[in-house]
Structures are given as C-alpha cells and as structure tokens.
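Visitor: One structure follows; several queries about it will come next.
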Amino acid sequence: MDHSTLEHFRAVYLTAEDLRVAASILFNAYHDDPFFKDALYTGDKFLYEQKLRAAIREELHELWQQEQVLIGWFEEERLIGVACVITQQVPLGDGRYWHWRLKMLLGTGWQSTQRLMKKENSIVEHLPGNRCGILQFIALAPGEQGKGNGGQLLRAVLGWCDDQPDLEGLAVFVSVPMHQHLFFSAGFEALAHLQIGNVDGELLFYRKEPHE
C-alpha cells in the first residue's frame, strides 16, 4: 500500500456496535481452521457452524466484558479486519470464569469446551512469563486478503503491545503453516511446537524490545 492508500485505512478499538460484524468476519475466517474443526466438528456441518458461531460470540463477549483489546481495521467506515488479544490478567484455561464455561458449554458442548480450555492451558504452560498477551483471533473479511491489510493490522497490534509497560510480549498459536510467514516477518519467533488434540501447530512469540 502506498501512503495515499493508507490514508483510507485506520486501526481503532472496537465499540459494542462493531461486535456483530466482527463476529461475522471471524466466523468466515476461522470456518476451516484446523483447531476449531478438531474441537467442534462431529460430522454435522450445520451443527459445526452453530458451535463455531457460539464459540466466537461468547469469546468476543467475554473479551469485551473483561475490557481486553479488540482492534478493528477499517477501510474508511467499513470494518474489514479484527484482532483480539487476551492478557494473563484474565484467568485462562482451567482458570476460566464459571460464567464463560457455562455459556461455552451451552453453545458448544462439554467436550468442545474442554478442548478450548486445553488449548489455552498448553499455550500458557509455554509462555516465557506471566505478563504476556495471547492473540486469540486475527482475521480479515472475505476478499480483503492479499492487499497488505493483514500485515498492517498485525503491525497495529504490535504497536499497541509495545506501548504496554506491563506486557513482555505477545503469543499466537498457528496451526496453518502458510500463515506463519506473516508473523515471522513481523518479528515473531518460534517458541514451541504444540499438539492440541489432533492438531499440530507452532506457538510463536513476539518479544518486546526492552525500554532504555
């Protein structure tokens, strides 16, 4: 993107009114995600899509309620990208709040909820400290890939991370090998190879430069 093109784009915190569109963007982007298919799919595509919508909806709601970071990438007034970060200030994995567990259980079922928590347990166990953020979601709307939007959105997230004095860095679990290049090019490094359920992936970590 040249400078004149970038003037039409901006990264801002999402508002409550943006969450419905954000959920739709995430649903389309993560529809074929290996982890979600392993955790939620039981042979019925319609039921899988119901569970995926519920999982995304409840996670977005929880992130919003816990005042976690939801960044939108806008082309003028149109939301075309979403990134969601959760920090270790919020209990994760087996420590998840009971109301999150209940809503996720009702929306996705017991086994799926357990797998979602197991994923977070695995990530947290491999983090370099207790002051890290986890990039829960990053996604672009259909048709917006291949235009530089993903890199711009990720840079906005890392810019936010760099400004947080209480964060050591940001982790992300990547289960699609072709997606790793985006993160490596932004300064992430491989932290651990994880197997979560039947899915293999890499835990990548962006470590902030120490302030002088």
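Visitor: Residues that are open to solvent by less than 10 Å² (accessible area, probe 1.4 Å), of a type in the set (Val, Ile, Thr) and free of Cβ contacts under 8 Å to residues at least 60 places away in the same chain: does the stretch 96-108 have at least one?
Guide: No, the stretch 96-108 contains no residue that is open to solvent by less than 10 Å² (accessible area, probe 1.4 Å), of a type in the set (Val, Ile, Thr) and free of Cβ contacts under 8 Å to residues at least 60 places away in the same chain.
Visitor: Given the criterion out of contact with any strand residue (DSSP E or B) (no Cβ under 9 Å at 6 or more places or on another chain) and part of a helix (DSSP H, G or I), identify the matching residue among Ala29, Ala55, Ala39. Please lay out each step first, then the result.
Guide: Values: Ala29 fails: out of contact with any strand residue (DSSP E or B) (no Cβ under 9 Å at 6 or more places or on another chain); Ala39 fails: out of contact with any strand residue (DSSP E or B) (no Cβ under 9 Å at 6 or more places or on another chain).
One residue alone meets the criteria, Ala55.
Visitor: Right, another one. Using the structure shown, decide if Val90 is touching a residue at least 24 places away in the same chain (Cβ under 8 Å) and assigned to a loop (DSSP other than H, G, I, E, B). Steps first, answer last, please.
Guide: Working: touching a residue at least 24 places away in the same chain (Cβ under 8 Å): yes; assigned to a loop (DSSP other than H, G, I, E, B): yes.
Judged against the criteria, Val90 is a match.
Visitor: Let me ask something additional. Being among the polar types (S, T, N, Q) and either over 29 Å from Asn130 (Cα atoms) or surrounded by fewer than 18 Cβ atoms within 10 Å (Cβ to Cβ) (or both) is the requirement here; does Gln88 meet it?
Guide: Details: among the polar types (S, T, N, Q): yes; either over 29 Å from Asn130 (Cα atoms) or surrounded by fewer than 18 Cβ atoms within 10 Å (Cβ to Cβ) (or both): no.
When the stated conditions are applied, Gln88 does not pass them.
Visitor: With at positive phi, out of contact with any helix residue (DSSP H, G or I) (no Cβ under 6 Å at 6 or more places or on another chain) and of a type in the set (Asp, Glu) as the only criterion, which of Glu144, Glu67, Glu59 stands out?
Guide: After ruling out the rest, the residue left standing is Glu67.
Visitor: Kindly indicate the residue of the stretch 159-184 that is in a helix (DSSP H, G or I) and in contact with a strand residue (DSSP E or B) (Cβ under 6 Å, 6 or more places away or on another chain) and also surrounded by the fewest Cβ atoms within 10 Å (Cβ to Cβ) among those meeting that condition.
Guide: Gln180
Visitor: Being farther than 21 Å from Ile25 by Cβ and among the small types (Gly, Ala, Ser) is the filter; apply it to the stretch 117-158 and report the residue that is surrounded by the most Cβ atoms within 10 Å (Cβ to Cβ).
Guide: Ser122
Visitor: Between a first residue in the stretch 43-55 that is more than 10 Å from Phe27 (Cα to Cα) and a second residue that is open to solvent by less than 70 Å² (accessible area, probe 1.4 Å) and assigned to a helix (DSSP H, G or I), which pairs have beta carbons less than 6 Å apart while being 6 or more apart in sequence or on different chains?
Guide: These pairs meet every condition: Tyr48/Leu40; Lys51/Leu40; Lys51/Thr108.
The values are calculated or read from the model by the stated rules, or taken from the named source; none is laboratory data. Computed from a predicted structure; not experimentally measured. FYI the Cβ positions are ideal-geometry reconstructions off the backbone, even for glycines, and counts take in every protein chain you see. Side chains included, ligands, DNA and RNA excluded: accessible areas come from the protein's heavy atoms. Shrake-Rupley method; radii C 1.70, N 1.55, O 1.52, S 1.80 Å.
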